[in-house]
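J.: The structure's right below; bear with me while I get my questions together.
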Amino acid sequence: MHLHTLEVRQTALSLLRSGVKNAEVARRLDVPVGTIGYWKHLDRAKRGECPGRGVRDCSRCHDVPLDRAAYAYLLGLYLGDGHISKYSGHRTYSLMITLDDNWPGIQDEAEAALRKVFPEHATCRVRVKGAHNIKVYSNHLPCLFPQHGPGRKHERLIALEPWQQEIIDLHPWPFVRGLIHSDGCRITNWTVRNGKRYEYPRYWFTNVSDDIRKLLTDTLDQLGVAWTNCTRHGKPYNVSVARKASVALMDAHVGPKY
């Protein structure tokens with residue numbers, strides 16, 4: 001990961017404050033435009049000028065419409081690779097979803113979901129080693145993701161609110177898709193029978209949180225997808241979908257990472 005000097009960052013902020021566009025600042029300083037956007041967000045947060053401040057756009061607080069399918073997908077991503085934080089110097093929360101650069105299509109899909117769920121807020125991408133953090137800022141992130149709390153997800157209770165469960169019941173496949181896109185994959189497995197090697201596709205989900213795995217398996221049960229637990233070091237961290245009919249269902253609604 002390339003680290004930029006304080007001088008470069010201060011130069012960028014000076015240009016941004018003078019009205020120069022993000023893309024032009026990125027071009028002049030040879031810094032990724034996502035990084036420029038991130039610096040701009042941090043600077044505006046410190047000065048109390050966060051985008052979206054005071055906007056009445058929370059479906060929980062202001063009774064505005066919510067794109068439920070996009071939210072179901074985003075919830076799956078958040079439970080896998082998402083993190084909500086609020087630094088002491090900031091006036092607002094940020095949601096960061098860290099996604100591998102091997103799957104740029106998923107990064108695009110994640111950012112599109114953020115824009116649908118938070119249409120009044122800007123999104124940005126911050127480059128880290130081998131991945132990008134897809135980010136959005138909003139004071140209402142804890143409203144929409146009440147699973148946020150101190151500590152790691154697998155060290156605390158993760159349970160859906162009734163209104164969240166209602167959304168997942170209506171849009172189970174986007175939820176499963178988000179979970180697989182974060183902590184799952186589609187692989188080709190193999191076995192030997194009667195001296196011959198046979199290959200077959202399998203979906204795999206790995207998460208150390210018992211609660212998050214159960215959210216996935218309960219939803220798979222609802223969808224008629226057969227699954228099994230596979231242990232790792234004696235712990236049931238892995239969920240496998242390998243039966244032909246169930247893999248076909250997953251292929252129709254989830255598919256390989258891209």
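J.: When you check Tyr87 against the structure, is it exposed (fewer than 13 other Cβ atoms within 10 Å of the Cβ) and either at pLDDT 90 or above or touching a Leu at 6+ places or on another chain (Cβ under 9 Å) (or both), yes or no?
T.: So Tyr87 passes the test.
J.: Here's something else I'd like to know. Test Thr191 against the criterion of being over 28 Å from Thr217 (Cβ atoms) and of a type in the set (S, T, N, Q), and give yes or no.
T.: No: the conditions fail for Thr191.
J.: Let me spell it out: the conditions are (1) within 22 Å of Ile36 (Cβ to Cβ); (2) in contact with a Gly (Cβ under 8 Å, 6 or more places away or on another chain); (3) assigned to a helix (DSSP H, G or I), and Cys124 meets all of them except one. Which number is the exception?
T.: (3)
J.: In addition: So is Thr123 open to solvent by less than 40 Å² (accessible area, probe 1.4 Å), farther than 24 Å from Asp218 by Cα and of a type in the set (Ser, Thr, Tyr) or not?
T.: So Thr123 passes the test.
Table: residues versus (1) assigned to a helix (DSSP H, G or I); (2) over 16 Å from the mean Cα position of the chain (by Cα).
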site: Leu66; (1), (2): no, yes
site: Tyr71; (1), (2): yes, no
site: Gly105; (1), (2): yes, no
site: Leu114; (1), (2): yes, no
site: Gln147; (1), (2): no, no
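J.: Also: Return only the number of the condition from (1) hydrophobic (A, V, I, L, M, F, W, C); (2) closer than 28 Å to Lys257 by Cβ; (3) in a loop (DSSP other than H, G, I, E, B) that Leu157 does not satisfy.
T.: (2)
The values are calculated or read from the model by the stated rules, or taken from the named source; none is laboratory data. Just so it is clear, the model here is predicted, and its values are computed rather than measured. Note: ideal-geometry Cβ built from the backbone for every residue, glycine included; neighbour counts use all protein chains shown. In case anyone asks, the SASA skips ligands and DNA or RNA and just uses the protein heavy atoms, side chains included. Shrake-Rupley method; radii C 1.70, N 1.55, O 1.52, S 1.80 Å.
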